[in-house]
Amino acid sequence: MGSVCLDLEVSQNKNMEKQDIKSMTLEEIKGIMGSLGQPPFRALQVYRWLQRGVSSFEEMSDLSKELRSRLQEQYYIPSVSIIRKQVSALDGTVKYLFGLLDGECVECVLMQYHHGYSVCISSQVGCKMGCTFCATGKSGFSRNLRASEILSQVQAAQKDCGNRISNIVLMGMGEPLDNYENVLRFLELVSSPEGMNIGMRHISLSTCGIVDKIYDLADRKLQLTLSVSLHAPNDKIRVKTMPINRRWGVEELLKACRYYGKTTGRRISFEYAMISGVNDSDSCAEELAGRLHGILSHVNLIPVNNVTGNGYVKSPPERLKRFIKILEKKGITATVRRTLGSDIDASCGQLRRRMQEEEMKA
Ligand code: SAH
Ligand code: SF4
């Protein structure tokens, strides 16, 4: 009996020591193959299988049995499985709750636009940033996602819908710039020509404003679209809903945005959740227009979703129209973000939070 226990423990420890091969770049896999005495083209075979979304070495049918079992001994392949799926009766938007290998879960939303399929993916299990209006912020932080786990969401959504995903938004659960290394690695994998080959111009990243990382991202000159969740024109209002504003205020954040725009030549999207009586007054619009002056920008207004029980109320449509008018008069373009999947709570963080509540009740 004792020795069986010991064997189990040893094999579990072995599993923990295995490395995540799916987070590796083609170059890194070439290194592994070299150390196993294999030619470089084998690396390309393995990389292609991983980028196609296989979840076991068994499926890599053009590798010898021996090589497959050697890889199996040292590496593992993270993947996600569908735990829940909701389809909007209004517009076909699909919301997934994906399970990870350690039992954690993340959300992902698939949207169909006239120009193709777009997927909104998560970068962390939960989030540390604690924005008061956000369901993810409310549920706390569990862990960062690995590059392979971010990639697996795109693969799983594509496999499930049977159509090519052409656009990605990193706007699901978590703060992508708080999981910077893994997100950069994910971007490299998903845009690689030997992989899904989704170009940076088809990828957007949304941040609450981690200023040092915005500078770093700018210097990398990637062609991705940066969305900045601003939600207020000044520190006094912003600090009430976004704790990150204590670390970097509006002025510092916008300075980084100016730098980003200048360095990359790319327009920044500013997200602005309209909360009745909090940040939606005429004077807020005037102040916002003044602050954004000189930044290549576009403002996306989103009527706030009351998901956190904080009593936030959506600004009425007339307020949104008036807000846009003021911005436009001052030369700032703005639109109301189209809400998709409103019947299935398609904003991220809500499904996981509901699961947590159900678990607490059970
Ligand atoms: N952490 C990143 C990306 C994930 S949040 C960020 O904050 O930008 C994605 C977007 O949804 C952000 O613009 C966020 O501010 C917004 N959001 C979160 N909760 C919301 C709510 N209840 N109503 C409207 N927008 C919300
Ligand atoms: Fe985190 Fe973004 Fe939600 Fe804020 S809005 S808590 S940064 S996921």
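Return the only residue of 235, 178, 212 being away from ligand 2 (no atom under 16 Å from the Cβ) and charged (D, E, K, R).
Step by step, each of 235, 178, 212 is checked, and only 235 is away from ligand 2 (no atom under 16 Å from the Cβ) and charged (D, E, K, R).
Can you tell which of 152, 148, 166, 139 is under 23 Å from residue 304 (Cβ atoms) and not aliphatic (A, V, I, L, M)?
Sole residue among the options that is under 23 Å from residue 304 (Cβ atoms) and not aliphatic (A, V, I, L, M): 139.
Checking residue 209 against (1) more than 16 Å from ligand 1 (Cβ to nearest atom); (2) buried (at least 22 other Cβ atoms within 10 Å of the Cβ); (3) not in a helix (DSSP H, G or I), which single condition isn't satisfied?
Residue 209 satisfies all of (1) more than 16 Å from ligand 1 (Cβ to nearest atom); (2) buried (at least 22 other Cβ atoms within 10 Å of the Cβ); (3) not in a helix (DSSP H, G or I) except (1).
When the residues of segment 117-132 are narrowed to those that are more than 11 Å from the chain's Cα centre (by Cα) and closer than 13 Å to residue 157 by Cβ, which ends up most open to solvent (accessible area, probe 1.4 Å)?
Selected residue: 117.
Which of the residues belonging to segment 185-199 are open to solvent by less than 60 Å² (accessible area, probe 1.4 Å) and away from ligand 1 (no atom under 16 Å from the Cβ)?
Of everything in segment 185-199, those that are open to solvent by less than 60 Å² (accessible area, probe 1.4 Å) and away from ligand 1 (no atom under 16 Å from the Cβ) turn out to be 189, 190, 191, 192, 195, 196, 198, 199.
If a residue must be surrounded by fewer than 21 Cβ atoms within 10 Å (Cβ to Cβ) and under 20 Å from residue 333 (Cα atoms), how many such residues does segment 261-283 contain?
Total satisfying the criteria: 11.
Return yes or no: is residue 76 open to solvent by 30 Å² or more (accessible area, probe 1.4 Å), over 28 Å from residue 202 (Cβ atoms) and in contact (Cβ under 8 Å) with a residue 40 or more places away in the chain?
Judged against the criteria, residue 76 is a match.
Among the numbered criteria (1) within 13 Å of ligand 2 (Cβ to nearest atom); (2) of a type outside the set (A, V, I, L, M, F, W, C); (3) crowded, with 19+ Cβ neighbours inside 10 Å, which one does residue 202 miss?
It is condition (1) that residue 202 fails.
Kindly indicate the residue of segment 150-165 that is open to solvent by 10 Å² or more (accessible area, probe 1.4 Å) and within 15 Å of the chain's Cα centre (by Cα) and also farthest from ligand 2 (Cβ to nearest atom) among those meeting that condition.
155
Return yes when residue 146 is surrounded by fewer than 18 Cβ atoms within 10 Å (Cβ to Cβ) and more than 16 Å from ligand 2 (Cβ to nearest atom) and no when it is not.
Taking the combined requirement at face value, the residue does not satisfy it.
Which members of segment 170-184 meet the condition of being out of contact with any Lys or Arg (no Cβ under 9 Å at 6 or more places or on another chain), open to solvent by 30 Å² or more (accessible area, probe 1.4 Å) and within 13 Å of ligand 1 (Cβ to nearest atom)?
The one that is out of contact with any Lys or Arg (no Cβ under 9 Å at 6 or more places or on another chain), open to solvent by 30 Å² or more (accessible area, probe 1.4 Å) and within 13 Å of ligand 1 (Cβ to nearest atom): 171.
Report the residue count in segment 56-65 for those that are farther than 17 Å from residue 41 by Cβ and open to solvent by 40 Å² or more (accessible area, probe 1.4 Å).
Number satisfying all stated conditions: 3.
Tell me the strands (runs of 3 or more DSSP E) entirely within segment 75-156 that contain at least 3 residues that are within 16 Å of ligand 1 (Cβ to nearest atom), touching a Leu at 6+ places or on another chain (Cβ under 6 Å) and charged (D, E, K, R).
Answer list for segment 75-156: none.
The values are calculated or read from the model by the stated rules, or taken from the named source; none is laboratory data. None of these values were measured; they are calculated from a predicted model. Here Cβ is always computed from backbone atoms with ideal geometry, including for glycine, and neighbour counts include all displayed protein chains. When the accessible area is computed, the model is the full protein with side chains, heavy atoms only, and any ligands, DNA or RNA have been set aside. Shrake-Rupley method; radii C 1.70, N 1.55, O 1.52, S 1.80 Å.
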